[in-house]
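Below is one structure, written out as structure tokens; comments come after it.
Rule-based calculations on the coordinates, nothing more; no lab input. Everything numeric here is computed off the predicted structure, so don't read it as measured data. Cβ atoms come from the backbone with ideal geometry, glycine included; neighbour counts cover every protein chain shown.
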Amino acid sequence: MDEKEKKHRRTKLAFKITGPLLLIAGLAFAITGFVDVISTMSNMSGMPSKFWCFFVGFPLIAVGAAITSMGFRREMASYAMRESAPVFNEAGKEIQPGVRAIADAVKNSDVRVCPSCGAENDKDSAFCKKCGAPLVKKCPSCGADLDADAAFCDKCGTKL
């Protein structure tokens, strides 16, 4: 383990200790202020003397929570990943038939798009009805019909 990793681990450990301590101290101050306000209101004894505890407690709670979350970020992310992965896998299985149907619809489309002008033509057309460009070409190796913009034959793999 290099020095940078050791420093990171020490900092993370400090966050894991300091964060909860600040959080507890903030809660103690906030509770002290709250109890003082409630007891002063119930006794009608004037102004609360520890109202200032709110102004110390709430920032300590916020800072403590932030530092604690930084210290436990890896653990929280690992937990979230373990919770989410099964959901994504299940969703993938659920949508697989729909994606396959869309892919088949595109693959088995009744149109052939011209690579030159983008016009839609009948699937069995050899030339574009808009610009006259060829829509198919023959593989010089195996003679298979290919799209005019194909770079390789999808039957034998010959470079065109």
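Miscellaneous remarks
- Projecting label points 7 angstrom from Cα along Cα→Cβ for ASN43 and ALA80 puts them 4.7 nm apart.
- Computed label-point distance, nm, for sites ILE17 and ALA148 using a 7 Å Cα→Cβ extension: 7.5 nm
- Rounded to the nearest 20 debye, the dipole size of the chain about its Cα centre is 640 debye, using +1 on the Cβ of Lys and Arg and -1 on the Cβ of Asp and Glu.
- The label point for PHE51 and the one for MET70, both projected 7 Å from the Cα toward the Cβ, are 3.3 nm apart.
- Using R0 = 25 Å, the C-beta based FRET efficiency linking CYS117 and SER141 works out to 0.30.
- Pairs exceeding a 29 Å alpha-carbon distance, out of LYS12/LYS93; LYS93/LYS159; LYS123/LYS155; LYS107/LYS137; LYS93/LYS138; LYS107/LYS129: LYS12/LYS93; LYS93/LYS159; LYS93/LYS138.
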